[in-house]
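**Student:** The structure under discussion is supplied below as structure tokens; questions concerning it will follow.
The values are calculated or read from the model by the stated rules, or taken from the named source; none is laboratory data. Bear in mind that the values here come from a model prediction, so they are computed numbers and not experimental data. Glycine gets a Cβ as well: all are built from the backbone with ideal geometry, and neighbour counts include every protein chain shown. We work out accessible area using only protein heavy atoms, side chains counted, and drop any ligands, DNA or RNA first. Shrake-Rupley method; radii C 1.70, N 1.55, O 1.52, S 1.80 Å.
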Amino acid sequence: MVAKRIIPCLDVKEGRTVKGINFVGLQDVGDPVELGAYYSACGADELVYLDISATREGRGTFTELVRKISGRINIPFTVGGGISSLDDASRLLDAGADKISINSSAIANPSLIDAIAGKYGNQFVVVAIDAKLLPDSRWMATTHGGSKPTDKELFSWALEAQERGAGEILFTSMDHDGTRAGYPCETFARLSEVISIPVIASGGAGSAADIADVLSRGRADAALAASIFHYGEIGIRELKQELLAQGIEVRL
Amino acid sequence: MVAIIDYKCGNLQSVKNALERLGAEYVVTAREEVIRKADRVILPGVGSAATAMESLLQTGLCDTIRSLRRPVLGICVGMQIMCRWSEEGNTECLGIFDSKVKKFIPCEGVKVPHMGWNRISNLESKLFKDIKGGAYVYYVHSYYPELCPDTIATTVHGKMFSGALKYENFYGTQFHPEKSGDIGEQIIKNFLAL
């Protein structure tokens, strides 16, 4: 059986990671390559690097960084942030990225999914969806950190993304993100029923129990988290031991 | 010298990086004489088997590859096109491995693509020297090679399939050793030491 994946997400601004504490044996927590290598050695199954640079220079730095990451890291990694064209995707593939993640650019231009998947394969395209629950019980995709509503309904948009060639869906509930109160597991489980490609759960993890919950009851294939790893609240290895103890298959 | 066959089909960067980390010399090439002289040959590949086979046919290297006598390693789609046939686009392949490549059918607990870390078992080759049965390797694929007499590793995703194949000097892995952490690095090291 394919193991459930644990994926730390690193935010990168102008070539430096912006969150994190210094772990024993890690020289520079601000160096995305060092931090990624550290997580990889701790048992991370994949890494996600999100470019949150606001400037052109910052974006250029990120491509160089992707090259360095791919030289050093021997597990798969995804890059996201500011990818809005096939050229952007090609540039990151050439630099060594295994997958790219697109979010608002896919909503603005859904055929971008077809274009990138058509050229580089479904496995290369992760479609990220930030959704919010409306009072009428519909989950609707949002952009700009949850501040801008869109006309895309979560389940139909996820299905459309799959049909257009997405290889995975990364779903974040903007109602749970940052709350550390756990994931909306029923919604994740339903998403897994609607689509047949893997689902990555993001946003809301406060404890190992939350992650166990979304991987079992929520039927997610992977869990992505940032703060709980960066601030050392849960070590990846101890998290995986905890999951294994609960009968969830993980790579240890 | 390792020759990585360049047939415009795939992300060569990670294979190059893996060889660099191991300190192996390599060349990315589509030139027949360079491939014939190489000590090791790697046939990478991503995307669809139909497209990959078409690109390989255009290089005119099919007979060259079949006639190689030094160790050859196909990775992922590179391995699939070394099989007999692929269901993907009903594609006639190189016919080195006696296996057919079929599509996974999504069902309860079986998502497609098969993406992530899964176990390899029934390891039967020097390619897996110092690797324990049950080790995790990284897979990303929607089509799989069936079990056959050339199977040297098995994995289960809904059903059991060939995780790796071997026929004489030809090897293939459906998983990505270049992305499989330290286990993958050991497998590439083993291939270089064959």
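**Student:** Any residue at all in region B:57-67 that's in a helix (DSSP H, G or I) and touching a Ser or Thr at 6+ places or on another chain (Cβ under 6 Å)?
**Tutor:** No; the residues of region B:57-67 include none that is in a helix (DSSP H, G or I) and touching a Ser or Thr at 6+ places or on another chain (Cβ under 6 Å).
**Student:** Quick check on region A:118-130: of everything there that is buried (at least 16 other Cβ atoms within 10 Å of the Cβ) and touching a helix residue (DSSP H, G or I) at 6+ places or on another chain (Cβ under 7 Å), which residue is farthest from the other protein chains (Cβ to nearest Cβ)?
**Tutor:** Of everything passing the filter in region A:118-130, A:I129 is farthest from the other protein chains (Cβ to nearest Cβ).
**Student:** Before we move on, is A:P198 within 30 Å of A:Y120 (Cβ to Cβ) and of a type outside the set (K, R)?
**Tutor:** Yes; evaluated as a whole, the condition is true for this residue.
**Student:** Let me ask you something else. Give me the strands (runs of 3 or more DSSP E) completely within region B:69-176, filtered to those with at least 3 residues that are open to solvent by less than 20 Å² (accessible area, probe 1.4 Å), ordered by residue number.
**Tutor:** Result: B:72-75, B:114-120, B:135-141, B:151-157, B:159-167, B:170-173.
**Student:** Moving to a separate point now. Please list, ordered by residue number, the helices (runs of 4 or more DSSP H) wholly in region A:127-221 having 3 or more residues that are under 16 Å from A:I6 (Cα atoms).
**Tutor:** So the answer is A:208-216.
**Student:** State yes or no: is B:A18 in a strand (DSSP E or B) and among the small types (G, A, S)?
**Tutor:** No: the conditions fail for B:A18.
Each row is one residue, and each column tells you yes or no for (1) among the β-branched types (V, I, T); (2) under 13 Å from B:P145 (Cβ atoms).
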position: B:S67; (1), (2): no, no
position: B:P71; (1), (2): no, no
position: B:V77; (1), (2): yes, yes
position: B:Q80; (1), (2): no, yes
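**Student:** Exactly one condition in (1) out of contact with any His (no Cβ under 9 Å at 6 or more places or on another chain); (2) away from chain B (no Cβ under 14 Å); (3) not in a helix (DSSP H, G or I) is false for A:G43; which is it?
**Tutor:** It fails just one condition, (2).
**Student:** B:V15: open to solvent by 10 Å² or more (accessible area, probe 1.4 Å) and in contact (Cβ under 8 Å) with a residue 12 or more places away in the chain, yes or no?
**Tutor:** No: the conditions fail for B:V15.
**Student:** What tally of residues in region B:41-64 results from selecting those that are farther than 26 Å from B:P113 by Cβ and open to solvent by less than 30 Å² (accessible area, probe 1.4 Å)?
**Tutor:** 4
**Student:** Still on this model: Can you find even one residue in region A:194-209 that is open to solvent by 20 Å² or more (accessible area, probe 1.4 Å), more than 14 Å from chain B (Cβ to nearest Cβ) and over 27 Å from A:F23 (Cα atoms)?
**Tutor:** Taking every residue of region A:194-209 in turn, none turns out to be open to solvent by 20 Å² or more (accessible area, probe 1.4 Å), more than 14 Å from chain B (Cβ to nearest Cβ) and over 27 Å from A:F23 (Cα atoms).
**Student:** To continue, here is another question. What single numbered condition from (1) out of contact with any Lys or Arg (no Cβ under 7 Å at 6 or more places or on another chain); (2) open to solvent by 40 Å² or more (accessible area, probe 1.4 Å); (3) not in a loop (DSSP other than H, G, I, E, B) fails to hold for A:S84?
**Tutor:** (3)
**Student:** Select from region A:22-40 the residues that are acidic (D, E) and assigned to a loop (DSSP other than H, G, I, E, B) and write down the one among them that is surrounded by the fewest Cβ atoms within 10 Å (Cβ to Cβ).
**Tutor:** Going through the qualifying residues, I end up with A:D28.
**Student:** Can I ask one more? Does region B:127-138 include one or more residues that are within 13 Å of chain A (Cβ to nearest Cβ), free of Cβ contacts under 8 Å to residues at least 40 places away in the same chain and within 21 Å of B:F97 (Cβ to Cβ)?
**Tutor:** No - not one qualifying residue is present in region B:127-138.
**Student:** Mind checking which residues of region B:107-125 are in contact with a strand residue (DSSP E or B) (Cβ under 9 Å, 6 or more places away or on another chain) and more than 7 Å from chain A (Cβ to nearest Cβ)?
**Tutor:** Across region B:107-125, the qualifying residues are B:V110, B:R119, B:I120, B:S121, B:N122, B:L123, B:E124, B:S125.
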